[in-house]
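Chemist: Take a look at the following structure, please.
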Amino acid sequence: MWEHERGGTDGADGAEDRREGSRRGRRESGGRGGRRTEGREGREDREGREGRQELPPQSPEEQARAICLRLLTGMPRTRRQLADALAKRDIPEEVSEQVLSRFEEVGLIDDAAFAGAWVESRHRGRGLARRALAQELRTKGVAPTLVQEALEQLDSDQEEETARELVERKLRATRGLERDKRIRRLAGMLARKGYPEGMALRVVRRALEAEGEDADDLTE
């Protein structure tokens, strides 16, 4: 009898253990049916992996177009500048030529317009003369014929007027210096901006004479 009662008790305890184990298993596996409940971090990680699909590699043509568009977004560029940029990024030359020619066809590259705008901006903003402007445009790869066309918008009278304005702005800073030193400083400033020596000396002499400075022996 004792053995029968003990067996019954053990059976009840065993059934309870099995039920508790089943409930614990469902909690660990995420509920009924064995579905596992993902935490927020797990969902975000999975969604991130699904959203980051591998993009096919760009062709050289696509890379070249992207590079040119990015550079042209900041400011106008000459064809030579863009070609140099593509070469630095190892874009094949034939691909570069094809893309650049297409950009010229649609007007995204226009060396003539670039040169004209450059001359106007640099002369007005920096007071550069035609010689300095021509040198800058050549270093940017603008063709000589386009450089000459752009410089034609500046005539000698306009260039000399700009030189006078530059000297007038600088004149005050040279007062108190010896006469020869004033001449060298003012004429040197104009020379660095590309003004011919004769024009520079003529403008400096007239500015000094207007101040009452003796400049009769200042030859052009």
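Chemist: Being open to solvent by 90 Å² or more (accessible area, probe 1.4 Å) and at pLDDT 95 or above is the requirement here; does ARG77 meet it? Break it down stepwise before answering.
Modeler: Working: open to solvent by 90 Å² or more (accessible area, probe 1.4 Å): no; at pLDDT 95 or above: yes.
Spelling it out, it is not the case that ARG77 is open to solvent by 90 Å² or more (accessible area, probe 1.4 Å) and at pLDDT 95 or above.
Chemist: Report, by residue number, each residue of the stretch 183-205 that is under 11 Å from LEU166 (Cβ atoms), assigned to a helix (DSSP H, G or I) and open to solvent by 30 Å² or more (accessible area, probe 1.4 Å).
Modeler: ARG192 - this is the single residue of the stretch 183-205 that is under 11 Å from LEU166 (Cβ atoms), assigned to a helix (DSSP H, G or I) and open to solvent by 30 Å² or more (accessible area, probe 1.4 Å).
Chemist: Which pairs have Cβ atoms under 9 Å, sit 6 or more apart or on different chains, and link a residue in the stretch 68-96 that is of a type in the set (Asp, Glu) to one that is at pLDDT 95 or above and in a loop (DSSP other than H, G, I, E, B)?
Modeler: ASP84/GLY141
Chemist: Further question: Can you name every residue in the stretch 80-113 that is assigned to a helix (DSSP H, G or I) and open to solvent by less than 20 Å² (accessible area, probe 1.4 Å)?
Modeler: LEU82, ALA85, LEU86, VAL95, SER96, VAL99, LEU100, PHE103
Chemist: Next question. Can you find a residue that is modelled with pLDDT under 60 and on the phi > 0 side of the Ramachandran plot anywhere in the stretch 32-52?
Modeler: Checking the stretch 32-52: at least one residue is modelled with pLDDT under 60 and on the phi > 0 side of the Ramachandran plot.
Chemist: Still on this structure, please answer the following. Being among the charged types (D, E, K, R) and more than 15 Å from LEU201 (Cα to Cα) is the filter here; which residues of the stretch 150-183 pass it?
Modeler: Within the stretch 150-183, the first condition is being among the charged types (D, E, K, R), and the residues that meet it are 152, 155, 157, 159-161, 164-165, 168-170, 172, 175, 178-182.
Those that are among the charged types (D, E, K, R) and more than 15 Å from LEU201 (Cα to Cα): GLU152, ASP155, ASP157, ARG169, ARG172, ARG175, GLU178.
The values are calculated or read from the model by the stated rules, or taken from the named source; none is laboratory data. Everything quoted here is computed from the prediction, not taken from an experiment. Neighbour counts run over all protein chains shown; Cβ positions are idealised from the backbone, glycine included. Surface accessibility is based on the protein's heavy atoms, side chains included, excluding ligands, DNA and RNA. Shrake-Rupley method; radii C 1.70, N 1.55, O 1.52, S 1.80 Å.
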